[in-house]
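Enquirer: Handing you a structure now.
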Amino acid sequence: MYHAETRAISVDVVPFFLEDESDPDDNHYVWAYQVTITNNGPEHVQLLRRHWMITDAAGNRQDVQGDGVIGEQPHLNPGESFEYTSGCPLTTASGIMVGTYLMENTKGESFDIAIPAFSLDSPYDAPSIN
């Protein structure tokens, strides 16, 4: 598991390779990643936007930005968590993802929280620290 905490909001990520959806002969590799966002702080927050930076093994970087996650902009009261699963295809057998979520509290203050960098590894590439 990969972990980051910003302003008492923790983000935990568990990536896993999807063998059944990948086709190495066609340079198509797919991962899913499960994210848990936990509000350990004293104030209500809402996730407004996401920004992902995805880099494949060849060094090609893609920036992905948008509203919320999986079509939602979840609200988190103190002590609450939100969990979702999403996916990422690449044309290389490994890569890395990192990013931020834009959050807002009830005072209307917006701030970024870190999504930890995590490695996208497959059995078709020698394991390395990305």
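Listed here are the residues, each with its yes/no results for (1) loosely packed, with under 12 Cβ neighbours inside 10 Å; (2) of a type in the set (Phe, Trp, Tyr).
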{"position": "Asn77", "(1), (2)": "yes, no"}
{"position": "Glu83", "(1), (2)": "yes, no"}
{"position": "Pro89", "(1), (2)": "no, no"}
{"position": "Ile96", "(1), (2)": "no, no"}
{"position": "Tyr101", "(1), (2)": "no, yes"}
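Enquirer: A further question follows. Which residue is surrounded by the most Cβ atoms within 10 Å (Cβ to Cβ), if the candidates are limited to segment 41-75 and must be closer than 19 Å to Val30 by Cα and of a type in the set (Gly, Ala, Ser)?
Expert: Per the criteria, the residue is Ala57.
Enquirer: Can you pull out the strands (runs of 3 or more DSSP E) entirely within segment 21-95 that have at least 3 residues that are in contact (Cβ under 8 Å) with a residue 40 or more places away in the chain and in contact with a Leu (Cβ under 6 Å, 6 or more places away or on another chain)?
Expert: 29-39, 45-56
Enquirer: Could you tell me whether any residue of segment 106-114 is in a strand (DSSP E or B), more than 18 Å from Met1 (Cα to Cα) and without any contact (Cβ under 8 Å) to a residue 60 or more places away in the chain? Quick ask: steps written out before the conclusion?
Expert: From segment 106-114, those in a strand (DSSP E or B) are 110-114; that's our starting set.
Of the ones still in play, those that are also more than 18 Å from Met1 (Cα to Cα) are 110-112.
Checking which are without any contact (Cβ under 8 Å) to a residue 60 or more places away in the chain leaves us with none.
No: segment 106-114 contains no residue that is in a strand (DSSP E or B), more than 18 Å from Met1 (Cα to Cα) and without any contact (Cβ under 8 Å) to a residue 60 or more places away in the chain.
Any read-out appearing in this document is the output of simple, stated calculations on the displayed coordinates, not a laboratory observation. Owing to the predicted nature of the structure, the values given are computational and were not obtained by experimental measurement. Quick reminder, even Gly has a Cβ in these numbers, built from the backbone with ideal geometry, and neighbours come from all protein chains shown.
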